[in-house]
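Okay, so here's the structure we're looking at.
The values are calculated or read from the model by the stated rules, or taken from the named source; none is laboratory data. Since the model is a prediction, treat every value here as computed from it, not as a measurement. Glycine also receives a Cβ, built like all others from the backbone with ideal geometry; neighbour counts cover every protein chain displayed. These accessible areas exclude ligands, DNA and RNA; they are computed on the full protein's heavy atoms, side chains included. Shrake-Rupley method; radii C 1.70, N 1.55, O 1.52, S 1.80 Å.
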Amino acid sequence: MVVVDFLPMSSVSPKTDQAAAWRAVLDRAVRDPAELCRLLSLPNSLAMAATAAADEFPLFVPRPYLERIRPGDPRDPLLLQVLPSEAERAQRPGFCADPLGEQSARRAPGLLWKYQNRLLIVTTGACGVHCRYCFRRHFPYRPTPDNWRSALEVIAAERSVHEVILSGGDPLLLDDDRLADLARRLAAIPHLRRIRLHTRLPVVVPQRVTDELLAWLRSTRLTPLLVIQANHPAELDASVATAIGRLVDAGVPVLNQSVLLRDVNDNVDVLAELSERLIDLRVMPYYLHQLDPVAGAAHFEVPEATGIKLIAQLRDRLPGYAVPRYVRETPGGSCKQPLV
Ligand SMILES: *Cc1c(COP(=O)(O)O)cnc(C)c1O
Ligand code: SF4
């Protein structure tokens, strides 16, 4: 399968300075492995391996994220998340294109329904960064030409659904006008109570937290929640702290999910610092995900037994609220399965 719609589109002209600013950051993102290696003083051999590995899922790193990577260090935990490597070409039994069986959870174009009470809308295939371990890296994104009309019809007909999750890709790659319009149509469905966004953009491109975003999050009848993704404390620099502070000050609860990744965060000191840094920013650690067995990401896998030990060590060190739930997603499961 081929990723058809994974690059940010800048076809629409931004309406405000803030919107123009984050669009400009994405337009200037690094897409060429040779340029990345030059900017980070890394040997060109890494760029050659990256070019060979990246044909299906290209490199894409916005500069604010790049600035948090230590130059000259091929083992940097942020670099490892974004630089394609030779290891992606290795086949490993059990690692496949659709590890979660998402194609069978599709209820309407762009609508996934797996769990009771909440539904997920795949709003766009585009992302603000390409994470090499991504479980949706082979997801066959289809545009939703009907502007989510059939998805909204399914939601309106299902009174047991109380929450809609905007996911992707990354929903914050859509303009605030478009998101505000979607939120308005969702708010018109009486049984809906909450709107949740799953987004990595506040971490990767903190400029995305615009006044317009805060305005529609504040004004919707639905209770908003934001779930960000940070995997390492070095991702949470001062600019991210400011962006998240604006969200929390606007009254939006912010949670974090991480993926347990070999050589990135499979270490109790790193996980403890990540949790403490999140709590300092008023973000609650939510999930620590076991890696989904997606083809091309096998080299990131950490054994479950290791993950269980790490969580036990975190429990000894941190307040209970700072310890994320360690979970695995299984095809056909009724929820994310806790690993204990
Ligand atoms: C992960 C996921 C959710 C959200 O699960 P929570 O446990 O509520 O965070 C909902 N729908 C789908 C399809 C998902 O993959
Ligand atoms: S992990 Fe999230 S942000 Fe990263 S590529 Fe996948 S969908 Fe996009």
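Leu288: open to solvent by less than 10 Å² (accessible area, probe 1.4 Å) and either touching a residue at least 40 places away in the same chain (Cβ under 8 Å) or within 16 Å of ligand 2 (Cβ to nearest atom) (or both), yes or no?
Yes: the conditions hold for Leu288.
Name the single residue that is farthest from Arg262 (Cα to Cα) among those in the stretch 78-130 being touching a Ser or Thr at 6+ places or on another chain (Cβ under 6 Å) and of a type in the set (Gly, Ala, Ser).
Here the residue is Ala108.
Can Arg282 be described as assigned to a loop (DSSP other than H, G, I, E, B) and modelled with pLDDT of 95 or more?
On the way: assigned to a loop (DSSP other than H, G, I, E, B): yes; modelled with pLDDT of 95 or more: yes.
Taking the combined requirement at face value, the residue satisfies it.
Which condition breaks for Val264 when tested against (1) buried (at least 22 other Cβ atoms within 10 Å of the Cβ); (2) among the hydrophobic types (A, V, I, L, M, F, W, C); (3) part of a helix (DSSP H, G or I)?
Checking Val264 against (1) buried (at least 22 other Cβ atoms within 10 Å of the Cβ); (2) among the hydrophobic types (A, V, I, L, M, F, W, C); (3) part of a helix (DSSP H, G or I), the one that fails is (3).
Of the residues Val302, Val252, which is at pLDDT 95 or above, over 21 Å from Thr199 (Cβ atoms) and in a loop (DSSP other than H, G, I, E, B)?
Answer to the check: Val302.
So Ala108 passes all but one of these: (1) buried (at least 19 other Cβ atoms within 10 Å of the Cβ); (2) closer than 23 Å to Ala230 by Cβ; (3) within 16 Å of ligand 1 (Cβ to nearest atom); (4) without any contact (Cβ under 8 Å) to a residue 60 or more places away in the chain. Which condition number does it fail?
Just one mismatch for Ala108, condition (2).
Counting just the residues of the stretch 225-245 that are among the β-branched types (Val, Ile, Thr) and within 16 Å of ligand 1 (Cβ to nearest atom), which one comes out nearest to Val204 (Cα to Cα)?
Within the stretch 225-245, the match that is nearest to Val204 (Cα to Cα) is Ile228.
If I ask for residues that are crowded, with 19+ Cβ neighbours inside 10 Å and in contact with a Phe, Trp or Tyr (Cβ under 9 Å, 6 or more places away or on another chain), which ones from the stretch 242-261 would you list?
Asn256, Gln257, Ser258, Val259, Leu260, Leu261
Filter the stretch 164-184 for residues that are closer than 11 Å to Ile121 by Cβ and not aliphatic (A, V, I, L, M); which is nearest to ligand 1 (Cβ to nearest atom)?
Ser167
Could you list all residues from the stretch 56-83 that are part of a helix (DSSP H, G or I), closer than 17 Å to Ser239 by Cα and out of contact with any Pro (no Cβ under 9 Å at 6 or more places or on another chain)? It would help to see each step written out before you state the result.
Taking the stretch 56-83 and keeping what is part of a helix (DSSP H, G or I), we get 63-66, 79-82.
Right, trim to closer than 17 Å to Ser239 by Cα and you get 63-66.
Within the stretch 56-83, Arg63, Tyr65, Leu66 meet the criteria.
Just for the stretch 285-296: of the residues that are at pLDDT 95 or above and touching a helix residue (DSSP H, G or I) at 6+ places or on another chain (Cβ under 9 Å), which one is farthest from Glu56 (Cα to Cα)?
Per the stated criteria, the residue is Pro285.
Need at least 3 residues that are more than 14 Å from ligand 2 (Cβ to nearest atom) and over 29 Å from Leu83 (Cβ atoms) per element, so show me which helices (runs of 4 or more DSSP H) inside the stretch 134-216 make the cut, counting only ones lying wholly within it.
Helices (runs of 4 or more DSSP H) meeting the threshold: 149-157, 176-187.
Conditions tested, residue by residue: (1) in contact with a helix residue (DSSP H, G or I) (Cβ under 8 Å, 6 or more places away or on another chain); (2) under 24 Å from Arg208 (Cβ atoms); (3) open to solvent by 60 Å² or more (accessible area, probe 1.4 Å).
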| residue | (1), (2), (3) |
| --- | --- |
| Glu86 | yes, no, yes |
| Phe135 | no, yes, yes |
| His138 | no, no, no |
| Asn147 | no, yes, no |
